[in-house]
1. Of everything in the range 250-274 that's in a helix (DSSP H, G or I) and in contact with a strand residue (DSSP E or B) (Cβ under 6 Å, 6 or more places away or on another chain), which residue is surrounded by the fewest Cβ atoms within 10 Å (Cβ to Cβ)?
2. Of the residues that make up the range 195-217, is at least one surrounded by fewer than 17 Cβ atoms within 10 Å (Cβ to Cβ) and over 25 Å from residue 264 (Cα atoms)?
3. Within the range 196-225, how many residues are charged (D, E, K, R) and closer than 15 Å to residue 320 by Cβ?
4. Which ones in the range 76-87 are more than 16 Å from ligand 2 (Cβ to nearest atom) and within 22 Å of residue 314 (Cβ to Cβ)?
5. Just to be sure I understand the filter: pairs with C-beta atoms under 6 Å, separated by 6 or more residues or on different chains, first member in the range 102-120 and farther than 15 Å from residue 68 by Cα, second member within 16 Å of ligand 2 (Cβ to nearest atom). Which pairs pass?
6. Just the residues that are part of a helix (DSSP H, G or I) and either within 20 Å of the chain's Cα centre (by Cα) or outside the structural domain of residue 109 (by TED's automatic domain parsing) (or both), please, taken from the range 45-81.
7. Which residues, counting only those in the range 117-156, are more than 14 Å from ligand 2 (Cβ to nearest atom) and assigned to a strand (DSSP E or B)?
8. Which of the residues belonging to the range 169-203 are in contact with a strand residue (DSSP E or B) (Cβ under 9 Å, 6 or more places away or on another chain), more than 19 Å from residue 131 (Cβ to Cβ) and in contact (Cβ under 8 Å) with a residue 24 or more places away in the chain?
Amino acid sequence: MHHGTTITQFISEEQRRVTGATGEFTGLLNDIVTACKMISHQVNHGALVGALGTAGSENVQGETQKKLDVLSNELFIQSTEWAGHLAAMASEEMDDIYQIPEEYLRGKYLLTFDPLDGSSNIDVNVSVGTIFSILRCPGGKDKPTIRDFLQAGTQQVAAGYALYGPSTMMVLTTGSGVNGFTLDQNIGEFILTHPDLKIPAETQEFAINASNQRFWDAPVKRYVEECLAGSEGPRGKDFNMRWIASMVAEVHRILVRGGVFMYPMDEKIRAKGQGGKLRLLYEANPMSFVIEQAGGGSITGPDRIMELQPEGLHQRVPVILGSRTEVERLQAYYREQG
Ligand code: AHM
Ligand code: MG
């Protein structure tokens, strides 16, 4: 591989190394790339194309949908449904699973996605992203059901995200490392710019929404207190803090320069009867796959996220991910408390 490799070339070359590959997977990834380019275009043009503001609807979780949430969801479906690679799909923005219409062929894969994550950032022109995950459809392609989607994260065939930031990037894993591509707007292609991303094991940076501090679980309180105590505290070094409120941007920062991201369980979330803030199938599992493939860790607190047996399509879980030694420390704090 040399600099200047397009994502299409890269995916095809990876596929050639897999014996028995039919090209279906490559085709699906290429369609996802197209969807992300289209979303990137809309996000970039923002108010110029009337894309900002709310859509006047709510998603299944009772959250107000932005126009760009709805549009991105439609673009993702349109780009991926027609080619015969998918049996069905599921999205954060749709109540039920999406069956491939009769007029198209069906394929052996399932796709789950969050079409535009961090959408509270759209109207203020801060980075947002798309997250996706590909699974095999265990029940055959004819009548996929919700149960087919309820697979542990360890079963993912591929996962990744597109980040709509100062430049648009695509970060991808198919289970052999993580690679990052930057969209060259002039030629409309993603070019390999960040081969084999690896998260530094040690870090001095953490990310958490500190407005929830009084609700956090004890292990998270302890961890953050120790970070804040800096060089005078038990960690013996000063920490830096970031919170973008855009998981894609947060994960990307961690991939590039290390750090730990936490959206832990807290009393406020428990009171709502929810299992966490972030969704297992659309956010936590794909991001965990990327993070682990880059040498990092990803846990709920006591447990590895990718080993969870999903119980519902829109299930939410606590998420702690990033540099391995920090994630292990947090896990140890959780396990100590029992
Ligand atoms: P969304 O999918 O509705 O955009 O919510 C997910 C986002 C994450 O990107 C981010 O980490 C988190 O919500 C921010 O939450 P908060 O506003 O509580 O800080
Ligand atoms: Mg989201």
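1. 252
2. Yes, the range 195-217 has at least one match.
3. Residues meeting the conditions: 4.
4. Restricting attention to the range 76-87, the residues satisfying the condition of being more than 16 Å from ligand 2 (Cβ to nearest atom) are 77-87.
Selection gives 77, 80, 81, 86, 87.
5. 111/89; 112/90; 112/133; 112/281; 112/282
6. Applying the first criterion (part of a helix (DSSP H, G or I)) to the range 45-81 yields 45-49, 67-80.
Within the range 45-81, 68, 69, 70, 71, 72, 73, 74, 75, 76, 77, 79, 80 meet the criteria.
7. Here is the first cut: in the range 117-156, the ones more than 14 Å from ligand 2 (Cβ to nearest atom) are 123-126, 134-156.
Matches in the range 117-156: 134, 135, 136.
8. As a first pass, look at the range 169-203 and keep what is in contact with a strand residue (DSSP E or B) (Cβ under 9 Å, 6 or more places away or on another chain): 169-175, 178-185, 187, 189-199, 203.
After this cut, where a residue has to be more than 19 Å from residue 131 (Cβ to Cβ) as well, the list is 184-185, 187, 189, 191-193, 195-196, 198, 203.
The answer is 189, 191, 192, 193, 195, 198, 203.
The values are calculated or read from the model by the stated rules, or taken from the named source; none is laboratory data. Bear in mind that the values here come from a model prediction, so they are computed numbers and not experimental data. A quick note on method: Cβ atoms are made from the backbone with ideal geometry, for glycine too, and the neighbour counts reach across all protein chains shown.
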